[in-house]
Amino acid sequence: MAAVSTARIAARRWISAALLLVASSVALHSEAHRIVSIVPATTEMLFAMGAGNRVVAVGSYDRFPPEVDKLPRVGALLDPDVERIIAIHPDLVVLYGTQTELRTQLERAAIPFYAYTHRGLSDITETIRTLGARIGMEAGANALAGRIEAQLKEIRARVANSDRPRTLLVFGRDKGALTNIDASGGYGFLHDMLEAAGGADVLGDVHQQSVMMTTEMVLARAPDAIIELRYVRSDAASGNDMAAWNRLASVPAVRNHRVYLLRGEEFVVPGPRVAAATERIARTLHPEAFK
Amino acid sequence: MRGRLIATLAVFGITTAFACLIAPVIGSTTIHLSRVFSRTIPFADNVDAQVFFIARLPRVIAAALVGAGMAVAGVVFQALLRNPLASPDTLGVSAGATLGAMVAITFHTDVHAFGISALPLASFLGSAGALGIVYAMAAARRRGTSSTVLLLAGIALSAFLGAMIRLLQLAADFTDTFRSVRWMMGSLDVASYAPIVGALVPMTLAFGAMASLPRVLDLVSLGTEAAESRGVDVRRAERVALVSASFATGAAVSLGGPIPFVGIVVPHIVRLLVGADHRIVLPASALFGATFVIVCDLVARTMFGPVELPVGTVTAIIGGPFFLWLLFRRLA
């Protein structure tokens, strides 16, 4: 009798273990229909691959596409609103890989998540494919990734025979002054975009994603071109503001009037608009290649 | 006494002058002085001269001003509040300056005045706002009120302003939050002389007012009653001290950002070296503070060249352990 009941318990355990395995594999490969994405890049990816109607909430920093304005916002990198996220009953939460606390809380609530990591240009299409596979939109995701790769390939081909100006890619500084300059360093998607657009990163040897630049570094590195990126909507840079660079008269970019201002959020969101952003940099550095 | 004052200030003065002369010559790029001062190469084509006059010299002057301003403010606050842990941050002036800077960053303020950009202007206004509150507290303070009250009020104001800063950071755009964090690390790469001239005005006023303070500070640090029995108008002296120290702090923070530990560490080092007489401590702290920040900035920009460390990191790496030692010694 005792042996039979032991066997029954063991059998039950096996069955429940097998069921759990099946359930988890279903969960792993199931389609997601109620997605919360708090990362602007992945939100753009989801909309661009055709899964926009599955996105039920976004992060506080999401701006694009305009449809996100109608969706509820549930915090962002520093302040995710866990209660609201759980209350929305998502079947997938796309979050930043560094949000370990949020991950733990979602695990406790048995809500699946996809952890996004911010890396280089090639990782963008890779993320699109993985995310597409995760939500059951392989076809749309593969088509989107393929389109971006083709566009980048075309840009590379267009600028292949042009000179590669040593370029400084600035993505932040104080208004009206050359202080607290932040520039793209030797790796990361901005660096990759610049290289794809036919520029030689003047900070290519600095193994950092972003570099705190000083005026001395700008003078010493003497870039042939300076591209300044502005991406905040309300940030209206005046001509006076760009004139701050004229102080550094010995820098070839300043001397040869090759200090450019490019605006657009696509420069800071490593999402599907990355090819368009790369093309804008390429057109700025090599207008002749696009005639 | 006079001889000792002159001798001490001569030693500190020579050290500061030496640091001011040497620091602009050293950097991550090699420059040749013959080219820097060459009359044959036009300035626009002379990289060495541009590195020297645009990048390094304003930076060294800014470092000297920030160091001197923070250090004397620290001396005054420590004597006034009779607390060795008081610093220019204690009364919330530094937090006020930071809040001003955050507002300018978050709302993309684009106001210029006298060649000074929005950020230093806003941070100075922020410090002036905090100073107004501190001044009201000091003015309302009745005779016999403990300096602990002022200290606690300062801590409360700092905490309140700190909370406002964090709220603004949360409400701001992601990139603006990044810019604000960047500003809070502190930087002396001012790249122009306009902000230096701008900071010089309030700093000169502050230093001028402080010239009347040494005797009063000596007496006040023994206790207000002792000071009053010697005929000191304590309330008036306190106001002069508070306003001048806060002005110096505001000017320093608006120029270089909230660079930590200078205001707390330098006065203690100077007292260890020259004793407690404020006639010597005040000017010696100004000189030593200037040298300290020039040297810290030199380390910050050359140690891992071409990439540089935020100067606040270096002052904290040197100042932090000292501060801990001070705390432990106090506890023991």
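Each value in this text was obtained by applying a stated rule to the coordinates, not by laboratory testing. Computed from a predicted structure; not experimentally measured. For neighbour counting, all protein chains shown are included, and Cβ atoms are generated from backbone atoms with ideal geometry for every residue, glycine included.
Run through the DSSP bridge list for the protein assembly as shown and note the antiparallel percent, rounded to the nearest 5.
25
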Per-residue average of other protein chain Cβ atoms inside 10 Å, peptide A:85-93 -> 0
Heads up, the range A:161-290 by the C-alpha gyration tensor (a ≥ b ≥ c square roots of eigenvalues; a/c under 1.5 rounded, else a/b over b/c prolate, else oblate) looks rounded
For A:288, A:126, ascending order of other Cβ atoms within 10 Å (fewest first) is A:288, A:126
Nearest-0.05 FRET efficiency for residue B:160 and residue A:154 at R0 = 60 Å, using Cβ-Cβ distance, is 0.60
Looking only at aspartates and glutamates whose Cα falls under 18 Å of residue A:291's and that sit 8 or more positions away or on another chain, we get A:154, A:163, A:279
Expected sort for B:253, B:274, B:181, A:251 with the fewest Cβ neighbours (10 Å cutoff) up front is B:181, B:274, A:251, B:253
Ranked on Cβ counts within 10 Å of their own Cβ, fewest leading, B:296, B:20 go B:20, B:296
Taking the protein assembly as shown and counting helices only, DSSP H stretches of n ≥ 4 at -39,500 (n - 2.57) each over all residues, the nearest-500 ellipticity at 222 nm comes to -18500 deg cm²/dmol
Cα extents of the range B:1-112 per principal axis, largest first, Å, are 57, 53, 23
Going residue by residue through the range B:207-215, the Karplus relation 6.51 cos²θ - 1.76 cosθ + 1.60 with θ = phi - 60° gives ³J(HN,Hα) values, rounded to whole Hz and with x marking Gly or Pro, of 5, x, 5, 5, 4, 8, 8, x, 5
Quick shape check on the protein assembly as shown: root eigenvalues a ≥ b ≥ c of the Cα gyration tensor, a/c under 1.5 is rounded, otherwise prolate if a/b tops b/c, else oblate, and it reads oblate
Taking every residue of A:246-252, the Cβ atoms of other protein chains inside 10 Å of its Cβ average out to 5
Row for the range A:115-164, column shape: gyration tensor on C-alpha, a ≥ b ≥ c, rounded if a/c < 1.5 i.e. under 1.5, prolate if a/b over b/c, else oblate; value oblate
Between residue B:108 and residue A:70, the FRET efficiency computed from the C-beta separation at R0 = 35 Å comes out, to the nearest 0.05, as 0.85
Cα-based Rg and Dmax for chain A, in Å, come out at 23.7, 95
The range A:38-75 scanned against label point 7 Å out from residue A:130 along Cα→C-beta; backbone N under 14 Å for A:42
Highest mean packing first, using Cβ neighbours within 10 angstrom, the peptides A:104-117, B:278-291, B:166-179, B:87-100 sort as B:87-100, B:278-291, B:166-179, A:104-117
Amide H neighbours of residue A:179 at under 5 Å, excluding residues fewer than 5 places away on the same chain, with H built from the backbone geometry, are A:174
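Determine Rg/Rh for chain B; Rg is computed over alpha-carbon atoms and Rh is the Kirkwood hydrodynamic estimate from the same atoms.
With Rg and the Kirkwood Rh in hand, the quotient comes to 0.98.
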Volume per residue (Å³) of the convex hull spanned by the alpha carbons of the range A:35-152 is 92
Answer in debye to the nearest 20: the dipole magnitude of the protein assembly as shown about its Cα centre, from +1 Lys/Arg and -1 Asp/Glu charges placed on Cβ, is 1160
